[in-house]
Amino acid sequence: MNNIKTIAWHTLICWIRNKVYIGFIAASFLLIAFAFICANITGLFQERVFVDSSIFFIELISIITAVFICSTTVIKDIQSKEIYYILSRPISKFQFLTGRFLGLTICVIALHLLITALFTLITSLYGFELTQKMKLYFFLVISLKIILVCSFSFVFSTYSTSFFPALILSFTLFFIFEFSESMNYWLTFYSQTAVFMKPVYNFLFLIMPNLVYYDIFYMFDINKFASLSSYTGFLALYTFIYSILFLIISLISFNKRSL
Amino acid sequence: MVSAIEIKNLSYSYLDGIKKVLAVNNISLNIETNSSVALMGINGAGKTTLIKCILDFLSPQKGEISIFGKKSVDSTSRTELSYLPEKVNLTPELKLFEHFRFLGKLYKISNAETNERMKKLSALTKLENLYETRVGKFSKGQSQRAGIALSLFNEPKLLILDEPMTGLDPLGQKLIIDILNELKNKMTLFVSTHSFEFARKLADKIIIIHKGAAASELTNKKDIQDIENNFYKAVNIE
C-alpha cells in the first residue's frame, strides 16, 4: 500500500507541474468565463443559460482531460524510458499501475473540483439557485464518471505503443459507452441486421458500461430511481466494479508488454 | 555464499514482423557477490536484453533468474539492487531533493536518513548546489551524475550499469570510473560496456556475448589484459 501511495503522489506531482495540465486548467476557466459572458449577453434566462452551459463545459473539459492524461501516461513513461527508473526499484507492476491510476484519477478530479468551485462561486455571487440534484451532479456524479473514463482510457495506455491510437481508441470507446443506449435501440429496432444478431447486440450492450446512468436528470425523468441515495449508491458500486475490471485488463495487458 | 545473480538456461525471443529473433540464447551465468563483471559484445549481441530480463522488464520464454537467491519476478528481489541505464531518464518535473524523497518513501527510509544520504551522495557526485533544481533542466552530465547518486541511494549490494559512459564528456567519464573504483569490492558490479579500457580497469571477470549466447568468459588476469584479442576471437572477427 505504501508503494501505491508513493507512486500515486509521484504521478500527481508530475502532472500538476505539467504544462498540458496547466493548459487544461486555463481552458476550463476560459470556458466558465465564456458561459458567464453568454449568459449576460442573452439577457433573459441568465441563470438557465449559465448553469446549462457550465454543465456542458465542466463535463466536456473533465472528460477530455481524463482521456488525454490517462491514455498517454504509461506510453510516455515507456517512450521516455522513465519506467526503467521506477520499475528497477522494489515495485511490482501491479503497484506501479494502481499507483499511476490513482494519481491520474485524483489529478483529473482535482481539476474538476477546481472548475466546480469557480462555478459555485459565480452562482453564489449572483444568487443563482442550485437544486440538490445539480449539487450532487457537480460534486459526485461527474467525479464518478471521471473515474470510469480514466479506467478505460488507462487500458489503452498500457496496450498502445503511441499516443495517437490510444487517444482515438479511448475517445471512440467513450462515445460508444456514452451513446450505448441509443445505439442499442437503433441496432435492435431499426437496422436491417439479421435477427440472430439482435441478442448479440443486446448482450454486448448489457455488459459494456452505460454512461447514460451518469445523467442524473435523465435517470429521474424516466423514474429509474426512487431516491437520490439509492441512485448514488448504485452509481458508486457501478463505477467501482467497472473500474476494477478495467484495471485488471490494464494489468494483464501491461504484464504481456515488453518494456 | 549466495550468488548476486544466477541465470539458468535463459532464452528470450521476440517477433520482428513474422520473423522470430532469438535475442538471448540459452545463457547460464553465475555472478558472485562483490565481484566486478563486465558484459561485452557488439551492438545487438543481447547485452541490454539480458539486463532487461534480469530486471524483469522482459519475460523470458525459458530459464530462471535469481538475484541474491530470490526469483527476479519477485519485486522484492530488487530491494538490494540498483540499475543505471545507458541514458538516465529521471522524472523531469521533480526537483533533485524530491527524487531522493521519492526513493526514501519507496525504501521506507526516514526523512532525516534520506536527507543525510542525499547530502553524502550529492557531494560524491558534485550536485550539492542543485537540490532545488528540476531534473528536467539538468545537462546530460548532470543527469548521469544524478542517476548515479540516486542509484546508490538504497546502498545496493548489486549495481547494474548499462553502458554508463555513453555520451559523457571526459570529466563525466572520469567521475564514473572514480566512483566505480571506489565501489569495487564493496558491492557487486555488473556493467555492460563497449570500452576495452574500462573493462580492463574494472572487471574481475569479462563475459563476451555474441548472437545472444555467452561466447566466452574471461576470468584470469592475463586474458583480461589481452581483452581486445580475446574479444575479436570470441565474436569471430579477425
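Each helix, a run of at least 4 DSSP H residues, gives -39500 (n - 2.57); summed and divided by the residues of chain A, these come to -26000 deg cm²/dmol at 222 nm.
If you wrap the stretch B:89-155 in the convex hull of its Cα atoms and look at it from every side, the mean projected area works out to 3.9 nm². In a fully extended conformation the segment linking A:Asn18 and A:Leu130 would gain 37.0 nm over its present Cα-Cα distance, using 0.36 nm per residue.
Accessible-area rank, largest first, for B:Ile224, A:Ile78: A:Ile78, B:Ile224, with all protein chains present and a 1.4 angstrom probe. With every protein chain in place and a 1.4 angstrom probe, the accessible-area ranking of A:Met183, B:Met1, B:Met118, largest first, reads B:Met1, A:Met183, B:Met118. Cross-link partners of A:Lys135 among lysines, defined as those whose alpha carbon lies under 27 angstrom from its own and excluding same-chain residues fewer than eight positions apart: A:Lys145, A:Lys224. Principal semi-axes of the equivalent ellipsoid, √(5λ) from the alpha carbon gyration tensor of chain A, are 32, 26, 16 Å from largest down. Taking a ≥ b ≥ c as the square roots of the Cα gyration tensor eigenvalues, the stretch A:91-136 comes out prolate, since a/c reaches at least 1.5 and a/b is larger than b/c.
Any lysines with Cα under 19 Å of the B:Lys71 Cα? List them, leaving off those in the same chain fewer than 8 positions away. Of all the lysines, those that pass the test against B:Lys71 - Cα under 19 Å, at least 8 places apart if same chain - are A:Lys93, A:Lys256, B:Lys8, B:Lys52, B:Lys62, B:Lys157. Solvent-accessible area of B:Asp74, all protein chains in place: 60 Å² (probe radius 1.4 Å, heavy atoms, ligands and nucleic acids excluded). Kirkwood radius, the stretch B:96-238, all distinct C-alpha pairs, inverse of mean reciprocal distance: 16.8 Å.
Near A:Gln95, within a Cβ-to-Cβ distance under 11 Å, what is the net charge of the other residues, with Lys and Arg +1 and Asp and Glu -1? Could you put the intermediate results ahead of the total?
Values: positive: A:Lys5, A:Arg89, A:Lys93, A:Arg100; negative: none.
Charge balance in the 11 Å sphere: +4.
Annotation: A:Tyr213 carries an accessible surface of approximately 50 Å², with a 1.4 Å probe and no ligand, DNA or RNA atoms counted. The charge dipole of the stretch B:89-155, taken about the Cα centre with unit charges on the Cβ atoms of Lys, Arg (+1) and Asp, Glu (-1), comes to about 120 debye, rounded to the nearest 20. When only alpha carbons of the stretch B:40-143 are considered, Rg and Dmax amount to 16.5, 47 Å. Restricting the calculation to Cα atoms, every distinct pair contributes to the Kirkwood radius of the protein assembly as shown, found to be 25.8 Å. Net charge in the neighbourhood of A:Leu148 (other residues with Cβ under 15 Å of its Cβ; Lys, Arg +1, Asp, Glu -1) is -2. Solvent exposure of B:Arg200, expressed as accessible area, is near 50 Å², computed with a probe of 1.4 Å over the protein chains only.
The values are calculated or read from the model by the stated rules, or taken from the named source; none is laboratory data. What you see is a predicted model; the values in this text were computed from it and never measured. No Cβ is skipped: glycine too gets one built from the backbone with ideal geometry, and neighbour counts run over all protein chains shown. For the accessible areas, the whole protein counts, side chains as well, though only heavy atoms, and no ligand, DNA or RNA atoms are used. Shrake-Rupley method; radii C 1.70, N 1.55, O 1.52, S 1.80 Å.
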